[in-house]
Amino acid sequence: MKKILITNDDGIESDGIRRLAQAAKKFGDVWIVAPESQRSAASHSITLRHPIDVHPHEFPVEGVHAFSCSGTPGDCVRVGTLNIMPEKPDFVFSGINFGYNVASDIQYSATAGAAFEGEFQGYLSIAFSEGMNGCHEVTDKYLEDIIKELIEKPYVQGQIWNVNFPQCKLEECKGVLRDRKVSRKSFFTDSYKAVEEFSNGGLSLMVDGKYMPSSEDDTDYGAVLDNYVSVGIVRNIS
C-alpha cells in the first residue's frame, strides 16, 4: 500500500486537513504531521536552534496516524519522513489551505513550502488550496479525481504540483485548467499602517493589504478568478 504524508500550515485542527485526509485514505495509508497551531506565511522555514515537540493527536478521520508538531510545516515534513513514519512516504500532500496559493503569494506560502520540503526529500509533492468563503463544493467535487491524476505523475526533481480550487458554487465552476503558469501579480497590494508610536521614535506596524484582483490568461491567478480549478507546476528557482 502506498504511504502518504499530509501536513498543512493552518494547524492540525483545521477543516481543510481533515477533508484532505478523508480523500487521501482512498489512495494509501495516511500519516499526518501538522503544526499544533496556525503557521501561515512561514514559507519553507525550518527550526534549527530549539527542540521540536511532536505528540500523538486524536484525529477525526478513522485509520489515520496523526501527530501535532510545535514546528513549521517544513519541520513537519522533515520529522514526519525522517523520524515519525516507519517507512518513507510515496507522496507528500500539503493543505487544503484556507486561501489561495497562487501568483506571488506562493513565495510566502508555507503550504507550498511544505510541499517543496517533500520534493527536496525526494517525494512527489502536491499543494492544495481553496478560497476563503467557506464554499467547498468545487473542492469536494474534484479533489479525489485530481489526487488520482497527479499521483500517477513521475517525481521530477525541483518541482511540485500546485492545485487551487475556486470558491464558487459547483454550477458556476467552468472545469479544470491544467498547465497553469504562476502569475507575477499579487492578490493584495501591501502597505503598512502605524498602530502605535513609541516615545523613542519607533513604530508598531501592521500590514494593510488592498485586494486587487486581476485576471490573466494561462495563469493560476486568472484560473481561480474565472471559476476554474487551477493545476500547475511550481519550480524551485534554486
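Laboratory data are not the source of any read-out in this text; all were calculated from the coordinates shown. Note that the structure is a prediction, hence the values are computed from the model and not measured. Cβ placement follows ideal geometry from the backbone for every residue including glycine, while neighbour counts extend to all protein chains displayed.
Looking at segment 1-127 alone, DSSP beta bridges between its own residues are antiparallel in about 15 percent of cases. Ranking Met1, Pro73, Ala34 by how far each Cα lies toward the positive end of the dipole of segment 1-76 (charges on Cβ) leaves Met1 at the top.
Ranking Pro213, Val231, Leu170 by Cα position along the charge dipole of segment 163-238, where only Lys, Arg, Asp and Glu carry charges on their C-beta atoms, puts Val231 farthest toward the positive end.
Around the amide H of Gln159, modelled in the peptide plane, lie the amide H atoms of Asn236, all under 5 Å away and 5 or more residues distant in sequence or on another chain.
Per residue, the average separation of C-alpha pairs within less than 8 Å and at least 6 apart gives segment 1-130 a relative contact order of 32 percent. Dipole magnitude for segment 114-174: computed about the Cα centre from +1 point charges on Lys and Arg Cβ and -1 point charges on Asp and Glu Cβ, it is near 120 debye. Looking at the chain, what % of its DSSP beta bridges pair antiparallel, to the nearest 5? For the chain, the DSSP antiparallel bridge percentage is about 40. Sorting Arg180, Arg235, Arg49 by the number of Cβ atoms found within 10 Å of their own Cβ, with the fewest placed first, yields Arg49, Arg235, Arg180. Rounded to the nearest 20 debye, the dipole size of segment 134-238 about its Cα centre is 300 debye, using +1 on the Cβ of Lys and Arg and -1 on the Cβ of Asp and Glu.
So how strong a dipole does segment 73-224 carry about its Cα centre when Lys and Arg Cβ are +1 and Asp and Glu Cβ are -1, to the nearest 20 debye?
Working: 14 positive and 24 negative charges, 43 e Å.
Computed about the Cα centre, the dipole is about 200 debye.
Beta bridges from DSSP with both residues in segment 69-206: antiparallel share about 25 percent, rounded to the nearest 5. In plain terms, if you count all Cα to Cα distances in the chain and split them into 5 Å steps from zero, the share in each step is 1, 7, 15, 19, 19, 16, 11, 7, 4, 2, 1, 0, 0 percent.
Annotation: Cα Rg of segment 1-128 relative to the compact-globule expectation 2.2 N^0.38 Å equals 0.92. Most tightly packed first, judged by the mean number of other beta-carbon atoms within 10 Å of their residues, the peptides 92-105, 193-206 read 92-105, 193-206. Note on the chain: Lys pairs 8 or more places apart or on different chains, Cα atoms under 19 Å apart, count 24.
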